[in-house]
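Colleague: The structure that follows is given in the form of structure tokens.
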Amino acid sequence: MEVNTKRKKEVLNAALTLFRHRGYESTSMRQLAKELNLEVASLYSHISAKSDLLEVICFGMADKFLLGAKEVNDIYFNAEEKLRMYIANHISLLTQNMDSSIVFLRDWRFLPDDKKEQFVELRNKYEDGIREIIETGISEHVFNPSDIKMATLTILSSLNWVVEWYKPEGSLTPQEIANDLSNFILNGLKKNNL
């Protein structure tokens with residue numbers, strides 16, 4: 001589904017709000033139509049299925065994450081700086097649109113099977129970027145040798161948890177959160193130079 005009209009954008013925004021607060025599975029087309037002051041039949045003239053909306057949200061976010069990861073991995077910095085940049089980009093994307101981020105992180109499991117498979121491939125590609133940074137840090141003798149998969153999943157879990165507590169009006173900016181998380185994560189990865 002292409003979001004190329006004002007009305008489709010309105011439908012997507014209403015879906016984002018409902019999916020975030022009710023969950024994808026618990027949101028019906030009837031509720032979405034009501035949110036937009038439309039009849040259900042009229043809603044179907046703008047989208048063919050509720051899953052189209054979820055696909056636009058999930059793949060749109062995945063594309064943004066992968067673009068950010070590519071930019072970081074295309075620049076030559078040491079592993080520590082790359083990981084800091086990866087974390088900053090990740091937190092920035094999550095906090096720019098909380099509705100999209102929450103739906104992306106929680107509801108991707110409800111994508112149709114063929115789309116879910118494609119989505120998981122993209123997610124794995126993103127995780128590979130973090131693994132590559134950790135491997136580089138180990139080979140540079142900056143990071144402790146560790147279980148790379150466990151380190152990657154721990155980092156992503158820490159970053160993704162931000163959507164559960166971040167408030168735009170809160171005391172920490174996204175950049176401050178990224179800096180703090182980078183310091184915590186790097187303190188766990190870096191070799192102690194005694």
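Colleague: Kindly provide the helix-only [θ] at 222 nm of the chain, computed as the sum of -39,500 (n - 2.57) over DSSP H runs of four or more divided by all residues, to the nearest 500 deg cm²/dmol?
Modeller: Value at 222 nm, helices only: -23500 deg cm²/dmol.
Colleague: Net charge near ASN160, counting Lys/Arg +1 and Asp/Glu -1 over other residues with Cβ under 13 Å of its Cβ?
Modeller: For residues surrounding ASN160, the net value is 0.
Colleague: May I ask you to give the solvent-accessible area per residue for the chain, in square angstrom, as obtained with a 1.4 angstrom probe?
Modeller: Spelled out: the 1.4 Å probe surface of the chain, per residue, equals 56 Å².
Colleague: Considering amide H positions built from the backbone, and no H for Pro or chain starts, which residues 5 or more places from LYS191, or on another chain, come under 5 Å of its amide H?
Modeller: For LYS191, whose amide H was placed from the backbone, the distant partners under 5 Å are PHE143, ASN144.
Colleague: Which whole-number value in Å³ per residue fits the convex hull of the alpha carbons of the chain?
Modeller: About 127 Å³ per residue, rounded to a whole number.
Colleague: Here is a further query. Below 8 Å between Cα atoms, with a sequence gap of 6+, how large is the relative contact order for the chain in percent?
Modeller: Averaging sequence separation for qualifying contacts and normalising by length gives 24 percent for the chain.
Colleague: A further question follows. Could you pull out the chymotrypsin sites (Phe, Trp or Tyr not before Pro) across region 60-156 that fall in loop regions by DSSP (anything but H, G, I, E, B) with no more than 13 other Cβ atoms inside 10 Å?
Modeller: Of the chymotrypsin sites (Phe, Trp or Tyr not before Pro), the ones in loops of region 60-156 whose Cβ has at most 13 other Cβ atoms within 10 Å are TYR76.
Colleague: Here's a follow-up. Mind listing the phi-derived Karplus ³J(HN,Hα) values for region 114-127, rounded to whole Hz, using 6.51, -1.76 and 1.60 with θ = phi - 60°, and x for any glycine or proline?
Modeller: 5, 6, 4, 4, 5, 5, 4, 4, 5, 4, 5, 4, 5, 4
Colleague: Which FRET efficiency value, to the nearest 0.05, do you get for HIS21 and GLN118 by plugging their Cβ-Cβ distance into 1/(1 + (r/R0)^6) with R0 = 35 Å?
Modeller: 0.85
Colleague: A further question on this structure: Which of the aspartates and glutamates could be linked to LYS82 by a straight reach, that is with a Cα gap under 20 Å, when you skip same-chain ones fewer than 8 residues away?
Modeller: Filter leaves ASP63, GLU71, ASP74, GLU127, ASP128, GLU132, GLU135, GLU140, ASP147, GLU176, ASP180.
Colleague: Go through region 62-73 residue by residue and turn each phi into a ³J(HN,Hα) via Karplus (6.51, -1.76, 1.60, θ = phi - 60°); whole Hz please, and just put x for glycine and proline.
Modeller: 4, 4, 5, 5, 5, 5, x, 5, 4, 4, 5, 6
Colleague: Can you work out D for region 29-124 in µm² s⁻¹ from Stokes-Einstein, where Rh is the Kirkwood radius over C-alpha pairs, the temperature is 25 °C and the viscosity is 0.890 mPa s?
Modeller: D = 161 µm²/s.
Colleague: Turning to a different aspect of this structure: Hey, any idea what % of the chain's accessible area is carbon plus sulfur with a 1.4 Å probe?
Modeller: Of all accessible area on the chain, carbon and sulfur atoms account for 50 percent.
The values are calculated or read from the model by the stated rules, or taken from the named source; none is laboratory data. Every value quoted in this text rests on a predicted model; they were computed, and no experiment measured them. Don't worry about glycine lacking a Cβ; one is built from the backbone with ideal geometry, like all the others, and counts go over all protein chains shown. Keep in mind that these areas ignore ligands, DNA and RNA; they rest on the heavy atoms of the full protein, side chains included. Shrake-Rupley method; radii C 1.70, N 1.55, O 1.52, S 1.80 Å.
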